[in-house]
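Chemist: Once you've had a glance at the structure underneath, I'll fire off some questions.
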Amino acid sequence: MVIDEILAHNERFAREKTLPIIGHAPRKRMAVVTCMDCRLVQMFEQALGLERGDVLELRTAGATISQPEREGGASDLIRSLAGGIYLLGVREVAVIGHTQCGLAHASPAALTASMQALGVDPQQLIEREGLGNTQGLVNWLGAFDDVHINVREVVESIRNSPYLPKIPVHGLVINIETGKLEMVERGN
Ligand SMILES: [Zn+2]
């Protein structure tokens, strides 16, 4: 399994490297919300000029908040931002979606087929969780059609959260092929 590869590498890493001791409060006092996409690994920090200790990085599938949680307010993303703001000194937030996101244009048919192939019954889940139909399942996953609209909506959810103070929340989109950032909405 891949975990064995990781453990073997880690053995060498821990033996050969000495990491500088730094604090847990982000130096730039910023939290960045982005996607879990594997193509963002390393490229993301390099494209933004971020070093270890600079910012908090929160990654969710699609850099989004799923529909049921948006309405409830106290999503895991909001909870993490609250921790960053109240306990770690964050005073600025950037939501950064990306082009070609795997959560964009998710097809209900492909989703349910994949679930069935892995032994999960979508219909049973829809009934048990009160999701309504397969589109409700897609909404639960947080899938969206347009990355720009999704970024704006996530920015709005963060700005309007009763759990969070009024601090600048920006919305951007990063090009997954070039690393170029596009400002969608600047906070103030
Ligand atoms: Zn993505």
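Chemist: Consider only pairs whose beta carbons are under 8 Å apart and that are at least six residues apart or on different chains; among these, list those whose first residue lies in the stretch 170-184 and is outside any strand (DSSP E or B) and whose second residue is among the basic types (K, R) and open to solvent by 20 Å² or more (accessible area, probe 1.4 Å).
Modeler: Going by the 8 Å Cβ cut-off, the qualifying pairs are I176/R39.
Chemist: Tell me yes or no: at least one residue of the stretch 119-131 is touching an Asp or Glu at 6+ places or on another chain (Cβ under 7 Å) and surrounded by 14 or more Cβ atoms within 10 Å (Cβ to Cβ).
Modeler: Scanning the stretch 119-131, I find no residue that is touching an Asp or Glu at 6+ places or on another chain (Cβ under 7 Å) and surrounded by 14 or more Cβ atoms within 10 Å (Cβ to Cβ), so the answer is no.
Chemist: Sort out for me the helices (runs of 4 or more DSSP H) sitting completely within the stretch 16-109 that have 3 or more residues that are more than 16 Å from the ligand (Cβ to nearest atom) and free of Cβ contacts under 8 Å to residues at least 24 places away in the same chain.
Modeler: Counting at least 3 such residues, we get 67-72, 76-88.
Chemist: Give me the residue from the stretch 15-35 that is over 19 Å from the mean Cα position of the chain (by Cα) and among the β-branched types (V, I, T) and, out of that set, farthest from R91 (Cα to Cα).
Modeler: So the residue we want is T18.
The values are calculated or read from the model by the stated rules, or taken from the named source; none is laboratory data. Predicted model, so just to flag it, every value in this text is computed and none were measured. We place every Cβ from the backbone using ideal geometry, glycine too, and count neighbours over all the protein chains shown. Areas reflect the complete protein model, heavy atoms only, side chains present, ligands, DNA and RNA absent. Shrake-Rupley method; radii C 1.70, N 1.55, O 1.52, S 1.80 Å.
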